[in-house]
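Structure, as structure tokens:
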Amino acid sequence: MSCKRVEFTFSGNQVKEPVIFQLGHKFPVITNIRRAQIEDDLGWVVLELNGEIEAIDSALDWVRSLGIVVRSIEGDIVAGD
């Protein structure tokens with residue numbers, strides 16, 4: 001099992017969509033929200049995604065297809081690593 005840390009940046013109506021919920025149901029990945037800030041029309045969330053690397057990559061491709069910006073993150077954003 002692999003772990004990948006990523007940041008999603010949402011804008012406009014994307015903020016109101018249950019993207020993380022859908023990601024966990026459409027793909028065999030486990031989501032763990034590490035940090036987030038959501039406002040009316042802009043937001044970001046830092047996630048750990050656990051699963052097989054192929055499933056994680058497919059899930060991230062799906063998120064990008066929705067127009068959400070995905071950025072890889074190194075280290076643990078909460079622990080400060």
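The values are calculated or read from the model by the stated rules, or taken from the named source; none is laboratory data. This one's a predicted model, so the numbers in the text were calculated from it and none came from an experiment. No Cβ is skipped: glycine too gets one built from the backbone with ideal geometry, and neighbour counts run over all protein chains shown.
Quick notes on this one:
- From the options V63, V29, V15, V19, residue that is in contact with a Gly (Cβ under 8 Å, 6 or more places away or on another chain) and surrounded by 17 or more Cβ atoms within 10 Å (Cβ to Cβ): V29
- Restricting the first member to the range 67-78 and to residues that are part of a loop (DSSP other than H, G, I, E, B), and the second to residues that are polar (S, T, N, Q) and modelled with pLDDT under 95, the beta-carbon pairs closer than 8 Å and six or more apart or on different chains are G67/Q14; I68/Q14.
- Of the residues making up the range 23-41, just one is closer than 16 Å to D61 by Cα and of a type in the set (D, E, K, R), namely K26.
- Matching residues, the range 7-39, being in contact with a Ser or Thr (Cβ under 9 Å, 6 or more places away or on another chain) and under 12 Å from I68 (Cα atoms): E7, I20
- Residues of the range 37-49 classified as surrounded by fewer than 16 Cβ atoms within 10 Å (Cβ to Cβ) and either assigned to a strand (DSSP E or B) or in contact (Cβ under 8 Å) with a residue 60 or more places away in the chain (or both), total: 3
- Criterion (acidic (D, E) and either part of a strand (DSSP E or B) or buried (at least 16 other Cβ atoms within 10 Å of the Cβ) (or both)) met by exactly one of E7, E54: E7
- The range 3-59 - residue that is polar (S, T, N, Q) and at pLDDT 95 or above and, of those, farthest from S72 (Cα to Cα): Q22
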